1. How many of the residues in the stretch A:27-37 are facing another protein chain (nearest Cβ under 7 Å) and of a type in the set (A, V, I, L, M, F, W, C)?
2. Which of the numbered conditions does residue A:30 fail, given that it passes all the others? Conditions: (1) in a loop (DSSP other than H, G, I, E, B); (2) over 24 Å from the mean Cα position of the chain (by Cα).
3. Taking the condition of being over 25 Å from residue A:422 (Cβ atoms) and surrounded by 15 or more Cβ atoms within 10 Å (Cβ to Cβ), how many residues in the stretch A:463-480 meet it?
4. If a residue must be touching a helix residue (DSSP H, G or I) at 6+ places or on another chain (Cβ under 9 Å) and surrounded by fewer than 17 Cβ atoms within 10 Å (Cβ to Cβ), how many such residues does the stretch A:116-141 contain?
5. For the stretch A:92-108, give me each residue that is among the aliphatic types (A, V, I, L, M), outside any loop (DSSP other than H, G, I, E, B) and surrounded by 19 or more Cβ atoms within 10 Å (Cβ to Cβ).
6. Out of (1) small (Gly, Ala, Ser); (2) under 51 Å from the mean Cα position of the chain (by Cα); (3) part of a helix (DSSP H, G or I), the odd one out for residue A:472 is which?
7. Keeping to the stretch A:109-139, report how many residues are among the β-branched types (Val, Ile, Thr), at pLDDT below 95 and in a strand (DSSP E or B).
8. Considering only the stretch A:43-72, state which residues are assigned to a loop (DSSP other than H, G, I, E, B) and either facing chain B (nearest Cβ under 9 Å) or in contact (Cβ under 8 Å) with a residue 40 or more places away in the chain (or both).
Amino acid sequence: MSPSFEMVVGLEVHSQLLTHAKLFCGCENRFGAPPNTLTCPVCLGHPGVLPVLNEAAVRLGIRLGLSLGCTIHHRSVFDRKHYFYPDLPKGYQISQFTYPLLTGGAIPVRSGPEVRDIRLHRIHMEEDAGKNLHAGIRDASHVDLNRAGVPLLEIVSEPDIRTPEEAVDYLKKLRQILRSTGVSDGNMEEGSFRCDANVSLRPIGSSTFGTKVEIKNMNSFRFVHKALVFEVERQSELLERGERVVSETRLFDSHTGRTLPMRSKEEALDYRYFPEPDIPPLVLDPEWIEKEKASLPELPQERILRISREFGIGEAEAEILVVEEELARYLDEAREALRGHSEKGGWPLEKGVARLVNFLLTEVLREWNRKGVQVLGDSLSSAEIAHLLALVTEERLSLSQAKDVYAIAVESGKSPRKVIEERNLSQESGEETIGRWIVEVLAENPSEVQSYRDGKDRLFGFLVGQVMKKSGGKANPQKLNHLLKEALGR
Amino acid sequence: MELTRQQVLHVARLANLSLTEEEVEHFAGELSRILDYVETLNRLPLPPPGLHVSEAAKPPTPLREDVSRHSLPVESALSNAPDRSGGFFRVPRILEEGR
């Protein structure tokens, strides 16, 4: 992007809620059932049926509002949003338009070294549509209405986001909050967490907005990043050539990493919103909101501070462990595995945990960023990592050896235990064994020993080297230094 | 208030309806009369639409308990469908978006 432009992004997230039943009927809210087995006259849009709002969906909306610092409106209204599409059996979607459940609030997001608040515009409740399938079908499309009527919260940010990194961090934080409050499982593959982006550019220093483009179909954090990077370049090139950006909807193509224009609609959409006559305005009892407030779990920001204190690490590092749940779970499991080692070895657990946390935030995190979740399983399971760090804690392996072992294990797919065995790497810390090597080396090098004792200090290094060689590189360097000094001083 | 031909055609397009010339003329008159009637209602001193809760419906709003129950058998669900394929509703091909 040309340095004279600034990127302006607002995100819309559709999050499916963790309820048992759908939003307006008693059909089960479940992913993966055989097609059209979770439907009834209400969600099929048959005439004469009446929707009744699901209490749990409202409760989850309240909880999300509390977690994000939103204004929770004691009165909100459902509206009908009209359009024709085969996945929308009623011909309209029940949503909230003029009076949403939640407005305001913010999500603190990492922006380079700083933290910025991304403000929220609104969050409203609505029902999901069904699913259209096209792949492998000739001259027709198939419709599965199991998803029709599943409760959603649509979370709309203000256009406060300025970089692709901020966008990804915003989404990670939001997903984390949705998950930790039990509002949603945030599963991106199954579509419980879907994101659209509104992207525009403007000259730096300008306070007006450029023409925005809506991007859809980004179903992973990586794709969001790629799509935004691509789109900013595209718009930047247009503007620099003196052309204009067309207001349109574009789809991200994960195969090419590009965004492509969607079939443009001939006319502006006219959804003809009006208040849903079958559902009275949603009026909330303030006591209910208070009750939910009292039962909220620890919020991510609080958790970051607690973990930072507990493990003696910085907030930025603690945040990684909070946002990346797989890493946090891995750490928890490894810590439990380490407990067994500490009991057997008779050393305090904290000693090993400190090493474990540091190793996780450096070595494991680096590989995880590179290769993803595969570095947390199988031959690199939490038990294996615990074993590796137990060896370090017991000084049977130096830290740098452990790092090498880990790197080799990641590349080869072998377990650290196997790598150590194959390379005969374990460190020798036994005073008796090291002492024996020292005695031998001193006996083999009488003149060097004499010279050292006469004041040639640099021969100490030579003798250390000889012992190390004799040990096959396995002597614990600190122990060796200490014991050799003792032996020579005698 | 008389609806223009243009307005009638716009509404018809939104409703996915195609109208004959006679129908356009007919609905211009009929819809206009409906709008005139609503205009009369608009002159009444009523609270703004939307947030108002009727006297009969006492807040807080009645809600459905979050309990799932059996859905329709798939055969019944599909029984009114003009076309089906296995357990799916079958519809005219939706244009692939994007490319």
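The values are calculated or read from the model by the stated rules, or taken from the named source; none is laboratory data. Values in this document were obtained by computation on a predicted structure and should not be read as measured data. Every residue, glycine as well, gets a Cβ built from its backbone with ideal geometry; the counts of neighbours run over all protein chains shown.
1. The number of residues fulfilling the criteria is 1.
2. Of the numbered conditions (1) in a loop (DSSP other than H, G, I, E, B); (2) over 24 Å from the mean Cα position of the chain (by Cα), the odd one out for residue A:30 is (2).
3. Result for the stretch A:463-480: 3.
4. Residues flagged as touching a helix residue (DSSP H, G or I) at 6+ places or on another chain (Cβ under 9 Å) and surrounded by fewer than 17 Cβ atoms within 10 Å (Cβ to Cβ) within the stretch A:116-141 amount to 0.
5. Matches in the stretch A:92-108: A:94, A:102, A:107.
6. (3)
7. The total comes to 2.
8. Across the stretch A:43-72, the qualifying residues are A:43, A:44, A:45, A:46, A:50, A:51, A:52, A:53, A:70.
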